[in-house]
Amino acid sequence: MSHHFVRFENVHYTYPNGYEALRGVSFCVTHGQKVALVGTNGAGKSTLLLHINGLLLPTKGSVVVGGVPVERKTLPLVRQSVGLVFQNPDDQLFMPTVEEDVAFGPSNMGLPAVEIERRVEEALGAVGALALRQRAPYHLSGGQKKSVSIATVLSMEPAVLVLDEPTSNLDPQARRAIIRLIRTFSHTCLMATHDMEMVWELCERTLVMREGELVADGSTTSIFEDEALLERCGLEPPYALWRESHETQEEGAECFAEALSAETR
């Protein structure tokens, strides 16, 4: 799996209760890209993410990761390549200590003890959590839990990182730490988020979901400058871009007023 891309081709997914959560979604994320997935609650973002490592399989269409179709028979291979970080760290942390949580994946891969230790050390070091290795996860703060949950994925050395709301429910300092961490990733990265400021900082490309459909796919700048699209999808641009736009409008209005005043003098 040397080409670390993610491709959806006409993916539909219907839950057992008949609710169609994905309707004909197609896109491709290429090697090394950081891509944001945005949309209101219920737009289909989390459902889409769960397809990337096969926790859900399409009702129709196909998902391919690094040239390998995501099917029941390929799940072990796909899950070695895809690291999924859940929105709630408590869904990911279940061992008595942080160290055991981070070692869990490599241990289940049957790796030798020295390799497991190396991976644990490097993963915790990458998220700045080496000092937490003997702590119980339930004693950690929200930001610490989020960092450790990312470390559990990094210890698997995935090619593709999938993050569901990586900055949700964090205080400003913890949020900033997670953003700095994501910025260092060289992985192919797809993240679902409501944090438009983070999208503006980190992602060169943005996918927009609405009612189970992919309604826009383009550069983050072009997406955020499309006011009609954002309005239709219940989204708002990041404050920094909104402020810049309104300051430009105000400057233009002031210049017009000055010119008009000069003409009437």
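We did not get these values from a lab; they are worked out from the coordinates using the rules stated. What you see is a predicted model; the values in this text were computed from it and never measured. We place every Cβ from the backbone using ideal geometry, glycine too, and count neighbours over all the protein chains shown.
Just a few scattered comments:
- The distance from the alpha carbon centre of the stretch 186-237 to that of the stretch 65-114 is 28 Å, rounded to a whole number.
- For the stretch 19-29, the Karplus equation 6.51 cos²θ - 1.76 cosθ + 1.60, evaluated at θ = phi - 60°, returns couplings of 6, 8, 8, 10, 9, x, 7, 9, 5, 9, 9 Hz by residue, with Gly and Pro reported as x.
- Choice from Ala129, Ala21, Ala228 showing the highest fluctuation, given a GNM over the chain with Cα pairs closer than 10 Å: Ala228
- Estimated FRET transfer efficiency (Thr59, Glu115; beta-carbon r; R0 45 Å; 0.05): 0.70
- Charge sum, other residues only, whose C-beta stays under 14 Å from Glu201's C-beta, Lys/Arg counted +1 and Asp/Glu -1: +3
- With loop membership from DSSP and a limit of 12 other Cβ atoms within 10 Å, the longest segment of the chain without chymotrypsin sites (Phe, Trp or Tyr not before Pro) is 95-265.
- Two-site FRET efficiency, Leu75 against Met95, from Cβ-Cβ distance with R₀ of 22 Å, rounded to 0.05: 0.50
- Listed by chain and number, the lysines placed with their C-alpha closer than 28 angstrom to that of Lys145 are Lys34, Lys45; residues fewer than eight positions away on the same chain are left out.
- Pairwise label distance in nanometres, Arg176 with Glu225, each label 7 Å out on the Cα-Cβ vector: 3.0
- Of the residues Ala136, Ala123, Ala159, the one that moves most in a GNM of the chain with alpha-carbon contacts below 10 Å is Ala136.
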